Each structure stands twice: as structure tokens, then as C-alpha cells.
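Visitor: This is the structure I want to talk about, given as C-alpha cells.
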Amino acid sequence: MTQLRDQTIKNNFLFAATMMQGNNCKDLLEMILGIEIDHLRVNNEQQLMFNPDYHGIRLDVYARDENNTRYDIEIQIAYDYLPKRCRYYHSQMDMELLSVGDDYENLPDTYVIFICDFDPVGDKKYIYTITNTIIESGNIKFEDGSHTILLSTKGTNDDEVSKEIKTFLKYVSSSRRECEDNFNDEYVARLQKTVREIWQSREMEVQYMTFEDMLRREGKKEYSRGYGMALIDIYKRCIDSGMSKDEAVKITGITEVELASIECPEAD
């Protein structure tokens, strides 16, 4: 298993952890969308957004602003049915919003943003903006409030995007050795500082181990063992590394029931 400090920001876990610190996410959205956001609330439940009820394992950044506009941001390193993934992410946000009893007319705008370390369309653009249109009416916009934006690290249309976006995407595509270079950009420098702090965090290393373990289980079709079992395995590793029981419990968030299953395992 690779260690967290060996990863760059294009790693889903490290990207999500970085975006949940300070104004990193807010400033990124303002840069991409060309707007000012007064206040942004990033969902940091359990520090990283992991929901075992989603299709497969998702680790993305979910946020809302002062206008209740919702944003879902994720790093992508492979195509992986990208158009259908965009559709699914929008549907998940809409279902969550409707579940609180809002009428359709009150549904806020939603943005699904994928930052791709490849060209998802093939036109060598840094940014692709996707909205619904009415074909028979001259492709006028169908104002349903849903927006999809794909960023590509492989763009070449330098004159059409800001220097800040190009520098950020260059940082995203950088290797582990290159990612600590001086990019001469204030925002990237702040991200580098945040990433260094995460690399050095014992708690974040444990959370990363948990996430990697769940990916491994899903890949081996063992995910039915559940999130709790993954935490139990990480708890055991913490104890084996010399942590106290209280420290291991605090870091993993393991429950008393899960803890009892370690200390008093049931007979097969």
C-alpha cells in the first residue's frame, strides 16, 4: 500500500482533504466560474465525504454557497464513463435536495465539476462547459439549473483561460517530484502548504489507509464486509504501531460495538 506522503493532489483522497481546508475550495470555484462567493460551506462530515450508500466508492468535495447553490468537485485520472458519471452526480444532488421537502421550483443550481488529468473531449481545451439545450430552437439554453464543467490538464488554448487556471492545472498534472516546485502562484503555494501539512498528519495517514483499504475491498468484491470492518483493520494497525487504545479510537472513530467485536470475537 502506498503512503499518503507519496501522493500528489491528483489523488482523490488528498484532493478532497486539501479542498476542505480554509478557503481552498471557495477560491478554486471562484477561479473556475469567474464569480465571487461570499460564503461557502464544505461538507466535512467525518472530515472526508465518504458515503457507502453511493454506487461504488466516492470521495468528492460537496459544498454549498450563500445562495444554496450546490457544488460537487472531483479529480478524474481516467475517462471511466464520464458523461454517465456526471448525470449520476447531478441526480444524487437533486434527490438529496428534494428529500427535504422542497418544491421543484425551489431546486437550487447545481454544478458538477471534474478536474481531469486527460482531455475528456479531445479538443485540447482547458475548460469544457456543458449545459442542456433545446435542439429544435437553435440550441437555446434549457434553464434547468444544472451545470457540468470539465477541466483538462491537457489544454493548449492558452489565450482563452486565465494564467491562474493554467497554473493550477499544471500543478494538478505534476509528478510527486515536480509538485513541490515553485509555480510562482499564490493559490498554488497555499495548496502546497496545505498538502505538506496533510502529508505530515498522523490522523490523515490513518484516514488514507482506511480509504485505500475500502478501494481494495471493492476491487476484490469484498465490500459487503462494510465500512466498519475496514475501520477495525485500521484500528488494529494503529495498535500494532504503538498507539494507545484511546488514540486509536479517536483517530479511526471506531464504535463501541465494533471495538467489542475485536476484543470479544464471535465464534464462527
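A short reminder: the numbers here are calculations on the coordinates, not readings from a lab. No experiment lies behind these values; they were computed from the predicted model shown. Using ideal geometry, Cβ is built from the backbone for each residue, glycine included, and neighbour counts are taken over all protein chains shown.
Visitor: What length, rounded to one decimal in nm, is gained on full extension from Ser162 through to Asp38, with 0.36 nm per residue of separation minus their alpha-carbon distance? Walk me through the numbers before you get to the answer.
Guide: Working: separation 124, 0.36 × 124 = 44.64 nm, distance 2.14 nm.
The Ser162-Asp38 span can extend by a further 42.5 nm.
Visitor: A follow-up question, please. Which cross-chain or sequence-distant (5 or more) residues have an amide H under 5 Å from the amide H of Asp109, H modelled 1.01 Å from N in plane?
Guide: For Asp109, the qualifying residues are Arg70.
Visitor: From the backbone phi of the range 105-120, what are the Karplus-calculated ³J(HN,Hα) couplings (6.51 cos²θ - 1.76 cosθ + 1.60, θ = phi - 60°) in whole Hz, Gly and Pro given as x?
Guide: 5, 9, 4, x, 5, 10, 10, 10, 10, 10, 9, 9, 8, 6, 9, x
Visitor: For Ile140 and Lys193, FRET efficiency with R0 = 35 Å and r from the beta-carbon atoms, rounded to 0.05?
Guide: Efficiency, rounded to the nearest 0.05: 0.20.
Visitor: With a 10 Å radius around each residue's Cβ, average the other Cβ atoms per peptide and rank 172-178, 4-10, highest first.
Guide: With the highest mean Cβ count within 10 Å placed first, the list reads 4-10, 172-178.
Visitor: Expressed in nm to one decimal, what extension gain is obtained for the pair Ser244 and Val121 from 0.36 nm per residue of sequence separation less their Cα-Cα distance?
Guide: The span from Ser244 to Val121 would gain 39.2 nm if fully extended.
Visitor: Sort Met204, Met19, Met95 so the one with the fewest other Cβ atoms within 10 Å of its own Cβ comes first.
Guide: Met95, Met204, Met19
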